[in-house]
Structures are given as structure tokens and as C-alpha cells.
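This report concerns only the one structure given below.
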Amino acid sequence: WDEAGIRIRFGSGNLVAQSWFGLNMPYGLAAAPNNVGISYDASGNNSISGTLGFSGNVISGNTNFGIETSSESSGLGIYGNLIGTDPDGMIAVPNDSLGAYIRGLNHRIGHISIPLSGNVISGNISNGIQISGYPHDTDSGHVIEGNIIGLNRLADAEIPNQVGIYVQ
């Protein structure tokens, strides 16, 4: 696709689960890239999620960002996904820029009190996660917790991003 594999522009209560963005099936290679895997412009209680290794999304091999939120967005939960790896979370299938480009208000990436809700964010060419309101956007209230960043799904081998988390 020229733009996003999926774009959530309006509404609340939307769920994206058990999907592959940027990869071909069944092999999990970067052969079907989008510019952005998932683009999010909405507000309020939307989720890109599943249970890590079971029902989460694989968001890898896109030509720009894995996930991108707009400066007007809010309330997105990103849980249990593989971002920048193969479907097993064991080798890099990088997004060509950022794993997740987060702008807007009150987004949550991972959650320590929900089992298997952390993401694997590894192998991306630039930053695993970039939070940026610079230079003109409002940007606050984000929570990043319980993720595996720069390692494989088992956290026993490196799959580095250039920078794990970058806040601007």
C-alpha cells in the first residue's frame, strides 16, 4: 500500500488484533510493505493489541513506521504486539524508520498489570519508540511499561534498534 495498512481515523472502541502489517504470509518476510503499518488519528479507548505470542499483531517490514499516531490522537492502547520482528519474535524484520512514532495524548504502550501485554519492539532501523511533540504539538500523558525493547521475544538475544526509546 502507498500509505497505511490500516488507518483508524474516527471512533472509539476499535480493536486491531491477530493481523500482520508489512509481512507476507506464511513466511513472515518483508514482502508486502506499507508506508506505515497502522496509522491512528482517533481518540478514545482504541486498541492495537492481543496477548504476546497468541493474538497480538505483527507490525514489521514497513517502509516508514510500524505504528504512527497523530498529534490530535489520544487514548490508544498498544499491547502484546511484535514490532520490527518476524512472527516468532526471534529475528529482525525491521520497519525502515521507527517502530512506533507516538504523538498526541495519553497513549499506553505495554502494561505491567496485564499478563503478556508487553510488546516486543526490536530490530527497527531507527528508534524502537519515538515520543515527539516537537516543535509545535502537544504531547503528554504517555505510559511505556512492561515491554521487551532491543531483544528477542524470549529476552535472551539482542535484536537492537538504533535507539530503544527516544523522547523529544
Within segment 140-154, residues open to solvent by 10 Å² or more (accessible area, probe 1.4 Å) and either touching a helix residue (DSSP H, G or I) at 6+ places or on another chain (Cβ under 9 Å) or of a type outside the set (D, E, K, R) (or both) come out as Ser140, Gly141, His142, Val143, Ile144, Gly146, Asn147, Ile148, Ile149, Gly150, Leu151, Leu154
Filtering segment 9-24 for residues that are within 14 Å of Glu68 (Cβ to Cβ) and within 14 Å of the chain's Cα centre (by Cα) leaves a count of 3
How many residues of segment 142-154 are within 13 Å of the chain's Cα centre (by Cα) and part of a loop (DSSP other than H, G, I, E, B)? The answer is 1
Item to complete: Inspect segment 117-126 for any residue being among the aliphatic types (A, V, I, L, M) and over 13 Å from Ala100 (Cα atoms) and give the result as yes or no.
Response: no
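Yes/no per residue for (1) surrounded by 24 or more Cβ atoms within 10 Å (Cβ to Cβ); (2) at pLDDT below 95:
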| site | (1), (2) |
| --- | --- |
| Ala31 | no, yes |
| Val36 | yes, no |
| Gly56 | yes, yes |
| Ile59 | yes, no |
| Gly66 | yes, no |
| Glu72 | no, yes |
| Ala92 | no, no |
| Leu98 | yes, no |
| Leu105 | no, yes |
Those residues of segment 155-168 that are closer than 16 Å to Gly110 by Cα, part of a loop (DSSP other than H, G, I, E, B) and either among the charged types (D, E, K, R) or open to solvent by 60 Å² or more (accessible area, probe 1.4 Å) (or both) come to a total of 0
For strands (runs of 3 or more DSSP E) lying entirely in segment 47-124, having 1 or more residues that are free of Cβ contacts under 8 Å to residues at least 12 places away in the same chain picks out none
So, Ile109, is that one of a type in the set (Val, Ile, Thr), more than 16 Å from Arg9 (Cα to Cα) and open to solvent by less than 20 Å² (accessible area, probe 1.4 Å) or not? yes
Subset of segment 38-49, residues open to solvent by 20 Å² or more (accessible area, probe 1.4 Å) and within 20 Å of Gly146 (Cα to Cα), comes to Asn45, Ser47
When segment 112-139 is checked residue by residue, the ones that are crowded, with 24+ Cβ neighbours inside 10 Å and at positive phi are Gly123
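The values are calculated or read from the model by the stated rules, or taken from the named source; none is laboratory data. Keep in mind the model is a prediction, meaning the values are calculated, not measured. Positions of Cβ are backbone-derived with ideal geometry, glycine not excepted, and every protein chain shown enters the neighbour counts. Accessible surface is based on the protein model in full, side chains and every heavy atom, while ligands, DNA and RNA are left aside. Shrake-Rupley method; radii C 1.70, N 1.55, O 1.52, S 1.80 Å.
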